[in-house]
1. From (1) modelled with pLDDT of 95 or more; (2) crowded, with 16+ Cβ neighbours inside 10 Å; (3) not hydroxyl-bearing (Ser, Thr, Tyr); (4) not in a strand (DSSP E or B), pick out the condition that doesn't hold for residue A:79.
2. Filter the range A:196-226 down to the residues that are within 16 Å of DNA strand B (Cβ to nearest atom) and touching a residue at least 40 places away in the same chain (Cβ under 8 Å) and list them by number.
3. One residue is enough: does the range A:173-181 have a residue meeting the conditions acidic (Asp, Glu), closer than 28 Å to residue A:94 by Cβ and touching a residue at least 12 places away in the same chain (Cβ under 8 Å)?
4. In the range A:232-247, what residues are without any contact (Cβ under 8 Å) to a residue 40 or more places away in the chain and either in contact with a Gly (Cβ under 9 Å, 6 or more places away or on another chain) or not in a helix (DSSP H, G or I) (or both)?
5. What is the one condition in (1) surrounded by 15 or more Cβ atoms within 10 Å (Cβ to Cβ); (2) of a type in the set (A, V, I, L, M); (3) assigned to a helix (DSSP H, G or I); (4) out of contact with any strand residue (DSSP E or B) (no Cβ under 9 Å at 6 or more places or on another chain) that residue A:282 does not satisfy?
6. Which one of these does residue A:65 not meet: (1) in contact with a Leu (Cβ under 8 Å, 6 or more places away or on another chain); (2) within 16 Å of residue A:293 (Cα to Cα)?
Amino acid sequence: MGVALREILGEYREEVELEELRGTVAVDAFNALYQFLTIIRQPDGTPLMDGEGRVTSHLSGIFFRNLNFLEKGIRPAYIFDGAPPDLKTETVARRRGVREAAGERWKEAVERGDIEEAYKQARTSARIDDAMIASSKRLLDLMGIPWMVAPSEGEAQAAFMARQGDVGAAASQDYDALLFGAPRLLRNLTVSGKRKVRGRSVTVRPERIDLAAVLAGLGLSLEELVEVGILIGTDFNTGIRGVGAKTALKIVRGGKFQETIRERAPDFDPEPVRAFFLNPPVTGDYCLDWREPDRDGVVAMLCGEYAFSEARVDAGLQKIGMKTGQKTLGDWF
DNA sequence: CCATCGCA
DNA sequence: TGCGATGGG
């Protein structure tokens with residue numbers, strides 16, 4: 001779940017309206033799909049499925065959320081993960097274990113009729129499979145939205161594209177993109193509105209974090225912020241037991257990063273992790289090209305293959321001007 | 001997640 | 001007119 005920097009980044013989170021975000025954004029595709037998949041569910045945790053039992057929650061999320069983006073002048077590009085780095089092997093295995101255990105508990109909860117527990121476990125058990133990734137890419141193509149596969153981590157590639165100035169920001173729920181050097185990070189872009197958190201209803205709004213403001217405010221260089229992350233723990237290392245964001249900040253500010261690692265995790269070599277954040281595998285070989293949606297193609301896919309209602313899909317497409325004589329997508333670009 | 005509907 | 005509940009696939 002990324003790096004736990006929330007504690008020290010709280011004051012740098014600036015709430016923004018979707019309407020202010022006009023422009024381009026590189027979206028961490030895996031992160032977005034995961035959010036759609038965990039959120040778009042029935043009360044007992046069952047995701048949306050077509051008649052053949054294929055999960056369609058992610059398609060619903062991609063379709064409706066992107067229509068809203070386009071309507072508001074936000075041009076998203078989706079960045080999929082490539083092969084995970086070796087450093088992530090442990091994290092990947094641990095997550096799989098957590099998912100599988102939750103899948104069992106989901107079944108059990110449904111059997112006892114414990115709806116609330118079922119929902120919770122269902123969300124934890126959510127897994128993005130190859131079919132979901134393939135159908136997502138196909139829908140993005142039909143919607144005229146560019147996507148690419150990163151050499152390694154999608155967040156690293158998104159951060160690179162933002163650094164290059166090819167997109168205005170990186171979008172992800174995780175703070176890692178900041179450690180990868182994204183000058184601007186947008187959170188809560190693919191989750192919004194009212195959500196239930198532990199029984200309480202909270203309103204989730206998009207927020208923006210400016211890397212320069214973070215570094216200036218904390219008095220750190222990017223390299224030092226990465227050290228803070230390493231001490232807390234990232235997807236690529238376990239972190240020092242008992243060290244949270246605030247302690248890590250103190251350690252790094254005091255120039256005691258190396259010393260702390262030596263004393264408290266003598267067997268851990270932080271250098272590969274540091275190098276991965278500061279110089280991750282990325283590519284400049286991409287072309288961001290937003291096109292008109294292929295209306296018939298979208299309808300054929302969603303309604304023809306996945307049993308979406310044509311009335312709803314049509315209504316959605318008309319919102320972004322797919323009716324003849326109305327303003328078209330091109331008018332925004 | 002989103003759109004839609006019923007109700008105050 | 002705006003909010004909560006509901007169904008979507």
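1. The failed condition is (4).
2. Correct list: A:205, A:206, A:207.
3. In the first step, residues of the range A:173-181 are kept if they are acidic (Asp, Glu); the result is A:174, A:176.
Remaining after also requiring closer than 28 Å to residue A:94 by Cβ: A:174, A:176.
Now narrow it down to the ones that are touching a residue at least 12 places away in the same chain (Cβ under 8 Å): A:174, A:176.
Checked the range A:173-181: at least one residue is acidic (Asp, Glu), closer than 28 Å to residue A:94 by Cβ and touching a residue at least 12 places away in the same chain (Cβ under 8 Å).
4. Once the filter is applied, which keeps residues that are without any contact (Cβ under 8 Å) to a residue 40 or more places away in the chain and either in contact with a Gly (Cβ under 9 Å, 6 or more places away or on another chain) or not in a helix (DSSP H, G or I) (or both), the range A:232-247 yields A:239, A:240, A:241, A:242, A:243.
5. Unmet for residue A:282, out of (1) surrounded by 15 or more Cβ atoms within 10 Å (Cβ to Cβ); (2) of a type in the set (A, V, I, L, M); (3) assigned to a helix (DSSP H, G or I); (4) out of contact with any strand residue (DSSP E or B) (no Cβ under 9 Å at 6 or more places or on another chain): (3).
6. Every condition holds for residue A:65 apart from (1).
The values are calculated or read from the model by the stated rules, or taken from the named source; none is laboratory data. This structure is a prediction, so every number in the text was calculated from the model and none was measured. Ideal geometry is used to build each Cβ from the backbone, glycine not excepted, and the neighbour counts take in all protein chains shown.
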